[in-house]
1. Which fully enclosed helices (runs of 4 or more DSSP H) of the stretch 87-200 have 2 or more residues being more than 16 Å from the ligand (Cβ to nearest atom) and basic (Lys, Arg)?
2. I want to confirm something. Restricting to the stretch 31-47 and keeping residues that are within 14 Å of the chain's Cα centre (by Cα) and free of Cβ contacts under 8 Å to residues at least 12 places away in the same chain, which single residue is farthest from PHE10 (Cα to Cα)?
3. Tell me, please, whether a residue that is crowded, with 20+ Cβ neighbours inside 10 Å and outside the structural domain of GLY12 (by TED's automatic domain parsing) can be found in the stretch 180-188.
4. What number of residues in the stretch 201-240 are of a type in the set (Lys, Arg) and not in a helix (DSSP H, G or I)?
5. Would a scan of the stretch 67-79 turn up a residue that is part of a helix (DSSP H, G or I), away from the ligand (no atom under 14 Å from the Cβ) and more than 18 Å from GLY12 (Cβ to Cβ)?
6. Against the conditions (1) outside any loop (DSSP other than H, G, I, E, B); (2) at pLDDT 90 or above; (3) surrounded by 14 or more Cβ atoms within 10 Å (Cβ to Cβ), where does LYS263 fall short? Just the number, please.
7. Which ones in the stretch 52-66 are within 15 Å of the ligand (Cβ to nearest atom) and small (Gly, Ala, Ser)?
8. Exactly one condition in (1) buried (at least 22 other Cβ atoms within 10 Å of the Cβ); (2) in contact with a Lys or Arg (Cβ under 8 Å, 6 or more places away or on another chain) is false for ASP115; which is it?
Amino acid sequence: METNLGSASFIGDHEEWFAAYAANRCAIEAARPSGDVGPMHLKTRHSMAVLNNARRMVDSERFSVVQGRICLLAALYHDVGRFEQYLRFHTFKDKESCNHGQLGLRILKQEKRLDGEDPAIRKAVLAAVILHNRFALPEGLPEDTAIAAHVVRDADKLDILQVMDEHLKGPKPYNPTVVLSLPDTAGMYSEAVIQAALEGRVAAYADLRSVNDFRLLLGTWFFDMHFDSSRRQFVEDGHALNLLQGLPDFPPYKAVRQGLLEKLGALRDAPSY
Ligand SMILES: [Fe+2]
């Protein structure tokens with residue numbers, strides 16, 4: 001028997017549309033003489049991974065049925081603007097092209113993707129898509145929008161952790177784009193990044209000086225996870241632990257690495273209810 005919960009969390013028609021849309025955009029790029037479709041395929045994979053992470057959160061948080069549906073739709077569509085952005089500008093750097101959250105909103109409206117949804121759902125999904133790549137969320141958001149925006153941002157970070165872990169455990173040299181062109185020099189570090197990690201704060205990209213700083217910054221995202229379920233995923237997926245374990249076993253990283261690993265390890269070993 002189809003329950004309310006079952007039907008509200010079923011977004012298969014949206015997933016089908018998304019797959020067809022992404023394939024169509026990729027085909028346009030592939031047909032170009034110097035087309036490079038690889039980065040677009042990565043965005044298709046990323047979108048599905050973020051949806052998967054969001055589904056795990058929705059399954060364990062006490063959201064309403066409507067809130068769950070908003071979260072899943074926002075996760076699926078959060079990067080829908082990436083395809084058009086790449087076709088038009090051949091980059092994913094918003095600063096050099098356009099805001100991909102805003103472009104995503106325009107595409108969802110043009111394509112009438114959410115016209116069949118309840119207006120409250122439509123409004124919250126569009127808001128979460130446009131907010132997902134803001135540096136910080138504004139205060140005082142309506143509850144449904146805030147929940148969806150937090151779910152998407154956490155789910156997004158969880159997938160970035162996986163991508164970074166897979167890349168940094170592979171053979172060197174690292175891809176400069178993936179490591180933000182940072183040097184992989186053991187003696188180079190940022191006091192500000194280490195200080196943030198010691199104080200239990202999220203480190204800032206602007207302070208990064210080396211690949212090791214970047215590993216540590218990714219570990220500090222733990223302090224930015226908004227839900228119990230995303231904190232749990234953060235630890236259970238193991239990617240953050242791998243990234244931190246890759247830090248040098250000497251000062252100044254040794255103590256901060258140990259401190260963070262203990263914090264995450266304690267959570268992993270705690271009984272889950
Ligand atoms: Fe995004």
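1. Values: elements: 100-110, 119-131, 143-168, 191-199.
Those helices (runs of 4 or more DSSP H) span 119-131.
2. Initially, the stretch 31-47 is screened for residues within 14 Å of the chain's Cα centre (by Cα), giving 42-47.
Add one more test, that the residue is free of Cβ contacts under 8 Å to residues at least 12 places away in the same chain, and what stays is 42, 45.
On the way: LEU42: 24, ARG45: 20 Å.
The residue in question is LEU42.
3. Restricting attention to the stretch 180-188, the residues satisfying the condition of being crowded, with 20+ Cβ neighbours inside 10 Å are none.
Within the stretch 180-188, not a single residue is crowded, with 20+ Cβ neighbours inside 10 Å and outside the structural domain of GLY12 (by TED's automatic domain parsing).
4. Going through the stretch 201-240 one residue at a time, the tally reaches 2.
5. Step one: filter the stretch 67-79 for residues part of a helix (DSSP H, G or I), giving 67-77.
Then drop every residue that is not away from the ligand (no atom under 14 Å from the Cβ), which leaves 67-73.
Still in the running and more than 18 Å from GLY12 (Cβ to Cβ): 67.
The answer is yes; a qualifying residue exists.
6. (2)
7. We begin by selecting, within the stretch 52-66, every residue within 15 Å of the ligand (Cβ to nearest atom); these are 53-54.
Correct list: ALA54 only.
8. Failed condition: (1).
The values are calculated or read from the model by the stated rules, or taken from the named source; none is laboratory data. Bear in mind that the values here come from a model prediction, so they are computed numbers and not experimental data. Glycine gets a Cβ as well: all are built from the backbone with ideal geometry, and neighbour counts include every protein chain shown.
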